[in-house]
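Have a look at the structure below before the remarks.
The values are calculated or read from the model by the stated rules, or taken from the named source; none is laboratory data. Keep in mind it's a predicted model, so treat the numbers as computed, not measured. In this analysis, Cβ positions are derived from the backbone assuming ideal geometry, glycine residues included, and neighbour counts consider all displayed protein chains. The accessibility values were calculated without ligands, DNA or RNA, using every heavy atom of the protein model including side chains. Shrake-Rupley method; radii C 1.70, N 1.55, O 1.52, S 1.80 Å.
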Amino acid sequence: MVGTEAATTPAIRVAVGSAEYDRAAAVLEAAREAATDVRVVETGPTGAAALAPVVLATADDRTTVHANVSPDRARELVETLDDGELATDDAHAVVESDEGVSMAETGPLAIGQRRALARCGWAAPAALDESLAERTRDEPDDLREAVAGAGLLGRGRGDGHTDESIAEGWATARESDGETVVVVNGNESDPAVDGDRLLLESRPAEVLDGALAVAAAVEATDVVVYLNEDDELAAQRVREAVESVDADGTGIDVVAGPDRYIAGEMTMALEAMEGADRLEARLRPPGPSEVGLYGRPTVVHTPRTLAQIRAFAAAPDEFETSAADPGSRLLTVTGDGVAGPTTVELATDTALAEAVASSEYKMACVGGRFGGITRSLDVPASAPALTGARLGTEGGIELFDGATCALEFAGSRAKFAREKNCGRCVPCREGSKQLVDLLRDVYEGQFQPSELRELSRVVAESSTCEFGQAAPRPVTTAIDTFEREIAAHAEGRCPSGVCTETN
Amino acid sequence: MSTDHTGRSESLPSVPSIDDPRPHPPLTEHFNTGTATDPDVGARETSSLTVDGEEVNVGEEATIIDALEEVGADEDLSALCYYDREDTDRIGPRSECRTCMVETDEHGLVPSCSHPAEDGMTVRTNSTEAEEARSVNLDLVLSDHNLRCTTCGKNGRCELQDAAIEADVEVPRYGVFDNRDEYEPIDESSPFIQIDRNKCILCNRCVEACNDVQVEGVLRIEGSGPDTRIGFQNGADEMMDSTCVSCGHCATVCPTGSLVEQDYTDAATIPLPGFTQENSIGKTIGEDYDGQPNPATPMKGNQTYEDDALGEADDD
Ligand code: SF4
Ligand code: SF4
Ligand code: SF4
Ligand code: FES
C-alpha cells in the first residue's frame, strides 16, 4: 500500500473515520465487492463529518467528490468508473486534479488551505510519499536550522512547547543529559478539538515520519506514540503505519492512556506512560525537554505540531517566516448551526471567520474546553493574535446561538474545571470551586465582577499546569463580553431565557 | 503498574517498553503514593540573585525561597506547604499551596519554594500581583478548612493558624469549610493517630514521611479534583485496616490538625519539651491499650507475618 498510487488507474477512495465508522465501512465493503478493475482505497477521514461517508472517484486527472454516500450509491460509483466514467452530475464537487490537494471549491472541504490536511481523505493512512525522516537522518542540522530560522511554534495544549519555539525545546533536550525520547502526544479527549485525531486516523504515516524526523534532529533513540485508549481506529492505523515506516533503528512504541481531559496535559501524559495509578501534574521547571519520561530528556509534540513541521519542510517558501507564528492552524468547528464537526486548516494570518460557514451565532468559544468567549471571529489564527484577543490557541471554535446563556455556559466550564482537575494545587482545585460558587451567587442576586476577576487572575497565574492556567478563561471572557447579560441574572432575569427555570 | 484495559479487542499497553535509566531504591519502587514523579527543582549551579533590591548568593540545589531566607525576605510569605526542617531532601517541595508566590522579571509570578534559583534573576516579594496571589491562595486553603481551632488538637502548634495570623487574615474571602453535613467523618479507628480530613491541606508531607522517610508505604493521595484525599495504599477505608505501624512520623510533619496523635486530639496544648515520635507514640500511648498489644495495626501484622494470628507480630 505504501506510496504506490499510480495516477493512471481509475481509483475509488472511501474515507473511513471513527465518527462515521459503521456507515463508511459498509460503503467500503460495497465498493470493494463491486470493483473489478478499479482500485478501491480505504483512506482516513476528510475532516468534514457532515459530508461523511465521502467517496472520491478519480479518472484521467479528474476527481469527483461524493458526500453522504450509501452502499448502493458506492456500488454505482464503482460501476460508473469501471466504464471509464465519472458521475459528475450529483457530485458534491468536481476537482481537476488527481492529487487531492484541494478537494472542492465549495463546502467544508474548500475552506482555508489544505497543507497539513492535504492528503486527509486522499491517501491510504499508511502511505507516505516523501520521507522527512530519511532526509533528516542524512542532514540533521538542516531541519534544526530551518525550524529555528522559521520560528515554528508548538500546536495544541498537549505539546511540550505550546505557542512556544519548537527549536528552543529541541536545543534544551539536546543539551540535557540522557538519551532523548520523542513523545507524540495524541491523547486529546475533547471531541470539539479534533485535529490530532484526524491526523492520527488519516495520516499516521506522516505523523510517524514527522516524529522520526524530530528524533533524527534531536538525536533521540526512541519514539513513543501516546494515544487515547478509546481511539481504537487511530491505534489500529498508527500500528499499521509503524509496520510500514522505515524507523532506521529508532525504537517506536505505541501506548494508550486514559480517556480523561487531564491525561492530555504533557506531564500527566508522562505520568500515565510511567504507569501511575493516579494522574497528577509534575512541577516545572525543569520541563519534560530536560527531565521527562523516566527522567530522560523528552520532546513532546502533538500530531498537529508534527504535521506543521512536515508541511514546512516540504514547502518552506510557502511559510511567512517573518511572522510571529508562521504556518497554519487546524481548527475544529462545532456547535449550533454546524452540521457536523468540521476540521479545517487556516493560514495563521487568516481570520477565524473564514473557518465558519454561517454568521448566525451569538457567541463563540475559541480555544477548546477553556477557550475564550467572543462575539467576533475577526481574529487571525496566529498565537499572538488569539492571545491578544484573550482567546485560546487550542484549535477549536464552538458556536452558540441565541438560546445559549453566557453565564450558564461559563458556569458549565467552571464546573468542568472543578470536577476534572487533578487535585494537586490549591489555586486550581480550590479556586475552581470558588469560581463556581461566585457564579452561583449571581443567581442569588450577587454579581461581583471584581472578585471573579481577582480569583481568575490568581488561578490563571499561580496554577501548576495548563489546566488551571487556562481554566478561568471562559469566565473572564464571558464577563468581558456579556457583562450586562450576566448582571441581569442578579436581578432575576436571564436575557436568553435559559436560566429562568433554575432561578 | 499498568492501567487495565480488559475487554478491549486490541488494547494497547499503557507503558512503553523503553529504557528507564533511573536507579530505583528497591523498597519504594512498588509504593503507590499516587503522586507525580517531580523533577529535581533545585538549581544546577550556584547563583547570584537580586531579592527586593538586595544581592544574594545561593548554592547548588537552591530554589528561590533559599535566597529569600538569606535576606529575611521570606517573612511576608506564608509558604504554607514548604517543609523546612529535618528530612527536607526527602519531604517536598510539594508546591501545592502557592502561598509563596513571588514576582520575577524573568518568568513573572512563580512559586518560590519550587522554582530553581537562576543566576541574574531579579525577585520581588512585594509586587501587587505576588501579594494578591499569596493572599488569595491562603484564603483558598482556608475555604476548604474546618477552622475550629478551639477544639483542635493542633491549636497553638498549627502552621495554618500561624500563617493566617501572620498574614492578618480577619475574614477569609471565601469563608471557611463549615458545612457540617459535608464533613468527612473523622477516622478514629486507630488508637494512636487520628485523621480529620476536613483539616487536611493536601500538602503531602505525611505521604512523603510515610513512604520516603519511614519507608512504610501506608499513606497515599487518592482521588482527583474535589475528591482528592489522603488514603491508604492497601485500599483500607480506615487507618486501623491499613498497614500503619503507628510510628507517628506523619503526625509529626502534618502542618495542621489533620493528623494528630490521639492523646492530643482535643488538648489545646503546646508541644512538650523533649517530645519525639519515639517516646510519645510507640510506647507510652500503646501501653495501656489492650485491644492491640503493639502499635502496628492488624493489617500490618497480616502483611508482615501472614501465618501468625492477628496482633502477635513483633514490632521490629
Ligand atoms: S492546575 Fe489543576 S490540573 Fe494542573 S496541577 Fe494544579 S490542580 Fe492539577
Ligand atoms: S488545624 Fe490548625 S487552623 Fe485548623 S482548626 Fe486546627 S489549629 Fe485551627
Ligand atoms: S494529613 Fe496533614 S500532612 Fe498529610 S496531606 Fe493532609 S495536611 Fe498534609
Ligand atoms: S509553599 Fe510554595 S507552593 Fe506551598
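Name the residues in the stretch B:99-126 that are within 10 Å of chain A (Cβ to nearest Cβ), open to solvent by 10 Å² or more (accessible area, probe 1.4 Å) and closer than 17 Å to B:Ala167 by Cβ, would you?
The answer is B:Pro111, and nothing else.
Which fully enclosed strands (runs of 3 or more DSSP E) of the stretch A:200-307 have 2 or more residues being facing chain B (nearest Cβ under 7 Å) and more than 20 Å from the chain's Cα centre (by Cα)?
In the stretch A:200-307, A:251-257 are the strands (runs of 3 or more DSSP E) which contain 2 or more residues that are facing chain B (nearest Cβ under 7 Å) and more than 20 Å from the chain's Cα centre (by Cα).
Among residues belonging to the stretch A:431-458 that are more than 10 Å from chain B (Cβ to nearest Cβ) and among the basic types (Lys, Arg), point out the one that is most open to solvent (accessible area, probe 1.4 Å).
A:Arg440
Looking at (1) within 16 Å of ligand 2 (Cβ to nearest atom); (2) within 13 Å of chain A (Cβ to nearest Cβ); (3) outside any helix (DSSP H, G or I); (4) free of Cβ contacts under 8 Å to residues at least 40 places away in the same chain, which is the one condition that is false for B:Val169?
B:Val169 satisfies all of (1) within 16 Å of ligand 2 (Cβ to nearest atom); (2) within 13 Å of chain A (Cβ to nearest Cβ); (3) outside any helix (DSSP H, G or I); (4) free of Cβ contacts under 8 Å to residues at least 40 places away in the same chain except (2).
Select from the stretch B:173-206 the residues that are open to solvent by 20 Å² or more (accessible area, probe 1.4 Å) and either within 14 Å of chain A (Cβ to nearest Cβ) or within 10 Å of ligand 3 (Cβ to nearest atom) (or both) and list them in ascending order.
Of everything in the stretch B:173-206, those that are open to solvent by 20 Å² or more (accessible area, probe 1.4 Å) and either within 14 Å of chain A (Cβ to nearest Cβ) or within 10 Å of ligand 3 (Cβ to nearest atom) (or both) turn out to be B:Arg173, B:Tyr174, B:Gly175, B:Val176, B:Phe177, B:Asp178, B:Asn179, B:Glu182, B:Arg197, B:Cys200.
Could you say which residue among A:Gly17, A:Gly107 is surrounded by 20 or more Cβ atoms within 10 Å (Cβ to Cβ) and not acidic (Asp, Glu)?
Answer to the selection: A:Gly17.
From the set of residues in the stretch B:219-261 that are without any contact (Cβ under 8 Å) to a residue 60 or more places away in the chain and among the β-branched types (Val, Ile, Thr), which is most open to solvent (accessible area, probe 1.4 Å)?
The qualifying residue most open to solvent (accessible area, probe 1.4 Å) is B:Thr252.
Can you tell me how many residues in the stretch B:92-114 are within 10 Å of B:Leu80 (Cα to Cα), polar (S, T, N, Q) and more than 14 Å from ligand 1 (Cβ to nearest atom)?
Summing the residues that are within 10 Å of B:Leu80 (Cα to Cα), polar (S, T, N, Q) and more than 14 Å from ligand 1 (Cβ to nearest atom) in the stretch B:92-114 gives 1.
Which one of B:Arg90, B:Arg148, B:Arg134, B:Arg94 is touching a residue at least 40 places away in the same chain (Cβ under 8 Å), under 22 Å from the mean Cα position of the chain (by Cα) and surrounded by fewer than 17 Cβ atoms within 10 Å (Cβ to Cβ)?
Residue meeting the stated conditions: B:Arg90.
Looking only at the stretch A:311-334, which residues are open to solvent by 40 Å² or more (accessible area, probe 1.4 Å) and touching a residue at least 60 places away in the same chain (Cβ under 8 Å)?
A:Ala314, A:Pro316, A:Glu318, A:Thr321, A:Ala324
Only one residue in A:Arg390, A:Arg424, A:Arg418 is within 14 Å of chain B (Cβ to nearest Cβ), of a type in the set (Lys, Arg), in a loop (DSSP other than H, G, I, E, B) and touching a Lys or Arg at 6+ places or on another chain (Cβ under 9 Å), so which one is that?
A:Arg424
Restricting attention to the stretch A:458-483, which residues are in contact (Cβ under 8 Å) with a residue 40 or more places away in the chain, closer than 21 Å to B:Ser135 by Cβ and of a type in the set (Gly, Ala, Ser)?
Correct list: A:Gly468, A:Ala471.
In the stretch A:342-377, which residues are in a loop (DSSP other than H, G, I, E, B) and crowded, with 23+ Cβ neighbours inside 10 Å?
A:Gly367, A:Gly368, A:Arg369, A:Phe370, A:Gly371
Of all residues being more than 9 Å from chain A (Cβ to nearest Cβ) and within 16 Å of ligand 4 (Cβ to nearest atom) in the stretch B:143-160, which is nearest to B:Asp227 (Cα to Cα)? Just the residue, please.
B:His145
Conditions first: (1) in a helix (DSSP H, G or I); (2) closer than 28 Å to B:Val245 by Cβ; (3) of a type outside the set (S, T, N, Q). B:Asp162 passes all but one, so which condition is the exception?
Only one criterion in (1) in a helix (DSSP H, G or I); (2) closer than 28 Å to B:Val245 by Cβ; (3) of a type outside the set (S, T, N, Q) is unmet by B:Asp162, namely (2).
Confirm whether B:Thr265 is open to solvent by 40 Å² or more (accessible area, probe 1.4 Å), polar (S, T, N, Q) and at pLDDT below 95.
When the stated conditions are applied, B:Thr265 does not pass them.
Exactly one condition in (1) open to solvent by less than 10 Å² (accessible area, probe 1.4 Å); (2) within 14 Å of ligand 1 (Cβ to nearest atom) is not met by A:Val475; state its number.
Result: A:Val475 passes all but (2).
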